[in-house]
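The values are calculated or read from the model by the stated rules, or taken from the named source; none is laboratory data. Predicted model, so just to flag it, every value in this text is computed and none were measured. Every residue, glycine as well, gets a Cβ built from its backbone with ideal geometry; the counts of neighbours run over all protein chains shown. We work out accessible area using only protein heavy atoms, side chains counted, and drop any ligands, DNA or RNA first. Shrake-Rupley method; radii C 1.70, N 1.55, O 1.52, S 1.80 Å.
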Amino acid sequence: MKKNLLFWLLLSQGILLFAQHPNIKISDKFSPNEPSIAIDPRHPNRLVAGANLNNVYTSSDTGQTWIKSQLTSTYGVWGDPCTGVDTSGAFYFFHLSNPSNGTWIDRIVCQKSTDQGQSWSPGTFTGLNSQKAQDKHWLAVNRNTNHLFITWTEFDHYGTTNPLDSSRILFSKSTDAGETWSPPLRINKISGDCVDSDNTVEGAVPSIGPNGEVYVAWAGPQDLRFDRSTDGGQSWLADDIKVDDMPGGWDYEVSGLGRCNGLPVTGCDLSNGPYHGTIYVNWSDQRSGATNTDIWLSKSTDGGSTWSPAIRVNNDTSNRHQFLTWMAIDQVTGWLWFVFYDRRNTTGNNTDVFMAVSKDGGSTFQNFKISETPFSPNTNVFFGDYNNVTAHNNIVRPIWTRQEGNVTSVWTALVHPDVLTVSQQNPEASMDMQETYPNPATREVWVPFKIRRHTLVTMQVLDNEGKQLRTVFAEKPYEYGKYTERVDVQGLPAGTYWVTLTGDGKVLTKRMVVVE
């Protein structure tokens, strides 16, 4: 009974046992979209995610299972969720406001949890400025000082075409774990309009440098711009620095979506690797044509003073869309991780979710699909403006919105860096791997597979974080045929594991569950 219960529990949580990077449906309740996710580097089994308008999701097992709740605040909760975590393990949920005493989106609200997302403070806020609108915020944490930094867009009047109204990028920080906030400081030099389109300044995602610098880029009427502070946000450059022309602007059309954007994400490598201190800006645009959106990256090795030409992240040769990108840097490995929607393998509005990883500081990229089946968005249902990804020491958890008819849902994937392969989508690959049995197992697991040409094969067992535990055999020669190999699982604690089959430049994986 316990074996069957565990098996069906895993299935009920959306785990597809035989996928390359198993997809986990976090929730489809309360029309979630615009998801955000954060991992605690001190306790990487703990994650907190959020989605519009006030959905909270917590996991204590690296994202395999999730507990769902909803956030309330003294100041109301009105979307643009942004989650983060500080050095004490406290999680933060930033969002827009909808107060009973005030006006819609009149401030940026910060709520804090010290019990891994089980309960939240009523909230503090910054940015309140009469009836001006505060929008599109994001958080960065200085892990040396535990100071919190946020940047966002302020509108004189949101959505107006009045030429007398303008938008600007603001900055505020907290030095007491979100209890109080510094007065907002304007950091951009050229204002935008308030239309919420190409000539509006938006997309300010801050990042921390190796010596506590604060870096941020945004898009607007002067293309893609960057600014920095070397004194904790007290002062900024006299002139904003151009990163890229961003041809066509940040507000563009993708069929099937009510709206789409290419707003930038800023990050800085704080690892001890060879690219320490490199700043990256990731965005998308339609310089290749209105039906061919691409994902781009630019990098700076001199503190943001100069920037590389745009580097294309998606490696397809199609004239199809890649859009709504987000980037995270694993500050242990220095690897860059990207998540984005992709139509390279589909027709019409059918959409996959892809990731890319760069292990060499943005010089080359490996693309791989993480969604198990495509979906087609519905223009009449709000889809949201962004996705997110978090990474720490090779635990990589993207989060995205999926749409089926009128129903939106948010998902993650258990991405295992050890099983990535450039040839995983090659239909002529030399190996196939079938489902293992029994599953769950107590003593042994049998692994069926096919070989289509002479291949040297290695079989290994990984734990659920992708770390190698056992090598069943290494570089064993196989000829054309069908095979079944035995894997001894005695001595493994009850839990979830992976069997990998490596050969001919490909890595195949199957999930197995071990029970007492």
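Take region 65-78 and flag every residue that is of a type in the set (Gly, Ala, Ser) and buried (at least 19 other Cβ atoms within 10 Å of the Cβ).
Correct list: Ser73, Gly76.
Which count do you get for residues in region 247-272 that are closer than 25 Å to Asp80 by Cα and either over 22 Å from the mean Cα position of the chain (by Cα) or of a type outside the set (A, V, I, L, M) (or both)?
Total satisfying the criteria: 17.
Inside region 207-258, can you point out the residues that are aromatic (Phe, Trp, Tyr) and within 17 Å of Trp296 (Cβ to Cβ)?
Once the filter is applied, which keeps residues that are aromatic (Phe, Trp, Tyr) and within 17 Å of Trp296 (Cβ to Cβ), region 207-258 yields Trp218, Phe226, Trp250, Tyr252.
So that you can scan it fast, the table gives a plain yes or no per residue for (1) in a loop (DSSP other than H, G, I, E, B); (2) more than 21 Å from Ile169 (Cβ to Cβ); (3) acidic (Asp, Glu):
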site	(1), (2), (3)
Gly233	yes, no, no
Asp239	yes, no, yes
Ser255	yes, yes, no
Leu270	yes, yes, no
Ser298	no, no, no
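If I ask for residues that are closer than 12 Å to Asp106 by Cα and either among the hydroxyl-bearing types (Ser, Thr, Tyr) or open to solvent by 30 Å² or more (accessible area, probe 1.4 Å) (or both), which ones from region 137-156 would you list?
Matches in region 137-156: Thr153 only.
Return yes or no: is Arg453 assigned to a loop (DSSP other than H, G, I, E, B) and open to solvent by 80 Å² or more (accessible area, probe 1.4 Å)?
When the stated conditions are applied, Arg453 passes them.
Among the hydroxyl-bearing types (Ser, Thr, Tyr) and open to solvent by 10 Å² or more (accessible area, probe 1.4 Å): does that describe Ser113?
No, not satisfied.
How many residues are open to solvent by 10 Å² or more (accessible area, probe 1.4 Å), farther than 22 Å from Pro221 by Cα and small (Gly, Ala, Ser) if we restrict to region 157-185?
2
From the list Thr200, Thr180, which residue is in contact with a Pro (Cβ under 9 Å, 6 or more places away or on another chain) and part of a loop (DSSP other than H, G, I, E, B)?
Thr200
Is it the case that some residue within region 409-418 is open to solvent by 40 Å² or more (accessible area, probe 1.4 Å) and modelled with pLDDT of 95 or more?
Yes, region 409-418 contains at least one residue that is open to solvent by 40 Å² or more (accessible area, probe 1.4 Å) and modelled with pLDDT of 95 or more.
Looking at (1) touching a residue at least 40 places away in the same chain (Cβ under 8 Å); (2) among the aliphatic types (A, V, I, L, M); (3) in contact with a strand residue (DSSP E or B) (Cβ under 6 Å, 6 or more places away or on another chain), which is the one condition that is false for Ile190?
(3)
Could you check Leu257 against (1) at pLDDT 95 or above; (2) open to solvent by 10 Å² or more (accessible area, probe 1.4 Å); (3) under 19 Å from Gly361 (Cα atoms) and say which number it fails?
All conditions pass for Leu257, except number (3).
When you go through (1) touching a residue at least 12 places away in the same chain (Cβ under 8 Å); (2) of a type outside the set (A, V, I, L, M, F, W, C); (3) open to solvent by 20 Å² or more (accessible area, probe 1.4 Å) one by one for Asp316, which number turns out not to apply?
So the condition that Asp316 fails would be (3).
Can you name every residue in region 376-419 that is of a type outside the set (Gly, Ala, Ser) and farther than 23 Å from Thr65 by Cα?
Within region 376-419, Pro377, Asn378, Thr379, Asn380, Val381, Phe382, Phe383, Asp385, Asn406 meet the criteria.
Limited to region 456-466, what total is found for residues that are at positive phi and part of a strand (DSSP E or B)?
0
Identify the residue in region 485-512 that is at pLDDT below 85 and in a loop (DSSP other than H, G, I, E, B) and, among all such residues, is most open to solvent (accessible area, probe 1.4 Å).
Going through the qualifying residues, I end up with Asp504.
Kindly list, by first and then second residue, each pair from a residue in region 29-46 that is farther than 13 Å from Thr401 by Cβ to a residue that is in a loop (DSSP other than H, G, I, E, B) and hydroxyl-bearing (Ser, Thr, Tyr), limited to pairs with Cβ atoms under 6 Å and residues at least 6 apart or on different chains.
Between residues of region 29-46 that are farther than 13 Å from Thr401 by Cβ and residues that are in a loop (DSSP other than H, G, I, E, B) and hydroxyl-bearing (Ser, Thr, Tyr), the close pairs are Asn45/Ser60; Asn45/Thr62; Arg46/Ser60.
(1) surrounded by fewer than 15 Cβ atoms within 10 Å (Cβ to Cβ); (2) modelled with pLDDT under 95: which one isn't true of Asp245, the others all being true?
Condition not satisfied by Asp245: (2).
Is it true that Leu469 is surrounded by 14 or more Cβ atoms within 10 Å (Cβ to Cβ), among the hydrophobic types (A, V, I, L, M, F, W, C) and in contact (Cβ under 8 Å) with a residue 12 or more places away in the chain?
Considered against the rule, which asks whether it is surrounded by 14 or more Cβ atoms within 10 Å (Cβ to Cβ), among the hydrophobic types (A, V, I, L, M, F, W, C) and in contact (Cβ under 8 Å) with a residue 12 or more places away in the chain, Leu469 comes out as no.
Can you give me the number of residues within region 328-350 that are within 18 Å of Ile37 (Cβ to Cβ) and open to solvent by 10 Å² or more (accessible area, probe 1.4 Å)?
The number of residues fulfilling the criteria is 5.
Regarding region 352-365, can at least one residue be identified that is in contact with a Gly (Cβ under 9 Å, 6 or more places away or on another chain) and open to solvent by less than 10 Å² (accessible area, probe 1.4 Å)?
yes
For the structure I just gave you, tell me whether Gly50 is open to solvent by less than 10 Å² (accessible area, probe 1.4 Å) and not hydrophobic (A, V, I, L, M, F, W, C).
Yes; evaluated as a whole, the condition is true for this residue.
Hey, Asp106 hits all of (1) free of Cβ contacts under 8 Å to residues at least 40 places away in the same chain; (2) open to solvent by 20 Å² or more (accessible area, probe 1.4 Å) but one; which does it fall short on?
Result: Asp106 passes all but (2).
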